[in-house]
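Before any comments, here is the structure.
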Amino acid sequence: MEDSRRTFGVWTAAALVVGSMIGSGIFVLPSVVAPLGWTGVAAWVCAIGGAMLLATVLTGLTAHLPGETGIVAIIGKALGPLPSVLCGWSFWVGVWTTNAIIAITAINYLGFFWPPLTATPLNNAGFAVGLLWLLALLNLLGTRAAGRFQVVTTLLKLLPLFAVAAIVLGLLAKGGQAFAANPHTPFSLSALTPAVTMVFLAMIGFETASIAAERVRDPGRNILRATIAGLALTGLLYLIVSTGVSFALPEAAVAESKAPIALFVETFWGPGPAMLLASFAVIATVGCLNGWVLMSGEGPLGMARAGLLPRWMARTNRHDVAAPMLVISTILASILILSSVSQSAGVLLDFMLRLTTAAAMWIYLGGCVAAWKLGLMRPLALAGIAFVLWALWGAGTEALLLSTALILVAIPLYFIALRGPRDAA
């Protein structure tokens, strides 16, 4: 008899993957990869291929261990509690650094309507921090509207990307002269590694079908199919959008734009459609930020309740929100935003993208090491380990050291928790 809880078929699970992957990254990454020219195209191809490799390993793990609750639990089973805590903590670090990027992206697109928002780096950072705290306050109050808002924004965030894809395909149908009108930076092998690290941020989220395994029918087969299908569809859309924007406009213009999708639509469809799609981008990024702000409080909650982190991290307010960690996450994201107001927006964004990817990659590394330790898909696991180490190398020394230091904070917290009472708060 089929389990009534397993309501997700392969396409529903694939839609979950697509919805989780498409966040704020694609709305800002064209500005970052535009100066790279053909290297940017190669970076997208490598990032998509690497994500598919990691997805195969992670979905294989969940298929072989269907009784475990997720990747962090599987890592704990294979490698022990401390590695699982480090991987879970790295996910939390990746969440609040992502929040900083999303807040800046939302303000950049709002600046398309009111330029003073982004007139100076201080303005940009200040309004981004204000938006971040506004959504933190809403989540602390336990608003019920947040969940319904997420459904709407998931649909709206696709519209600007489909519009760009339509324009790109239309330009190709006309012979592609717009792409030949602007010079493109040739491929550079030395620039490929950091480029892959930056664009991989847009790939994060492909593991959601594995996380929701208990809801998927025939998970041993459908999770892998859904993940690869969702990755392929999203990756193709990313490649079309990012390459189309970067190649149909002058590289310098895209690189200097804080709202590259809006600039592209304005160039080919006029200011009216650009304003409309910019508004969709604002709603989508704010909605994405709202969900990730909530996740920033929830991340360490389970580990604290299991006695692997200090008990105070498991405290919730009267609205059942993990208030202490949510506030700490918002403070840290605010510091990250404000720490480099003297730098240009492009330099700050470049560093934040590399830092966030460097933090997020550790959970994939843990999954691949766990697969190798358990004797599952060892050739793929080794290839996945190599890809993760390559991406971590591409983060650069500063971002890699900072992300590692932030993750290693979990070690003393783990031993403090072991010495304290084991009952949850």
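The values are calculated or read from the model by the stated rules, or taken from the named source; none is laboratory data. Fair warning: this is a prediction, and the values are worked out from it, not measured in the lab. Note that each Cβ is placed from the backbone with ideal geometry, even for glycine, and that neighbours are counted across all protein chains shown.
Table for the structure above
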{"item": "Residues located in the stretch 16-55, provided they are among the hydroxyl-bearing types (Ser, Thr, Tyr) and modelled with pLDDT of 90 or more", "result": "Thr39"}
{"item": "Out of Pro83, Pro66, sole residue that is closer than 24 Å to Thr227 by Cβ, modelled with pLDDT under 85 and either out of contact with any helix residue (DSSP H, G or I) (no Cβ under 7 Å at 6 or more places or on another chain) or surrounded by fewer than 21 Cβ atoms within 10 Å (Cβ to Cβ) (or both)", "result": "Pro66"}
{"item": "In the stretch 96-111, the residues that are buried (at least 24 other Cβ atoms within 10 Å of the Cβ) and hydrophobic (A, V, I, L, M, F, W, C)", "result": "Trp96, Ala100, Ile101, Ile102, Ala103, Ile104, Ala106, Ile107"}
{"item": "Checking Leu353 against (1) surrounded by 19 or more Cβ atoms within 10 Å (Cβ to Cβ); (2) over 15 Å from the mean Cα position of the chain (by Cα), the condition it does not meet", "result": "(2)"}
{"item": "Members of the stretch 112-125 that are assigned to a helix (DSSP H, G or I) and surrounded by fewer than 16 Cβ atoms within 10 Å (Cβ to Cβ)", "result": "Pro115, Pro116, Leu122"}
{"item": "All positions within the stretch 280-323 that are polar (S, T, N, Q) and either closer than 16 Å to Leu132 by Cβ or surrounded by 18 or more Cβ atoms within 10 Å (Cβ to Cβ) (or both)", "result": "Thr285, Asn290, Ser296"}
{"item": "The stretch 333-352, residues that are modelled with pLDDT of 85 or more and farther than 18 Å from Leu138 by Cα", "result": "Ile335, Leu336, Ile337, Leu338"}
{"item": "Within the stretch 168-203, considering residues that are of a type in the set (Val, Ile, Thr) and surrounded by fewer than 22 Cβ atoms within 10 Å (Cβ to Cβ), the one nearest to Thr56 (Cα to Cα)", "result": "Thr193"}
{"item": "The stretch 43-74, residues that are in a helix (DSSP H, G or I) and more than 15 Å from Met203 (Cα to Cα)", "result": "Val57, Thr59, Gly60, Leu61, Thr62, Ala63, His64, Ile71, Val72, Ala73, Ile74"}
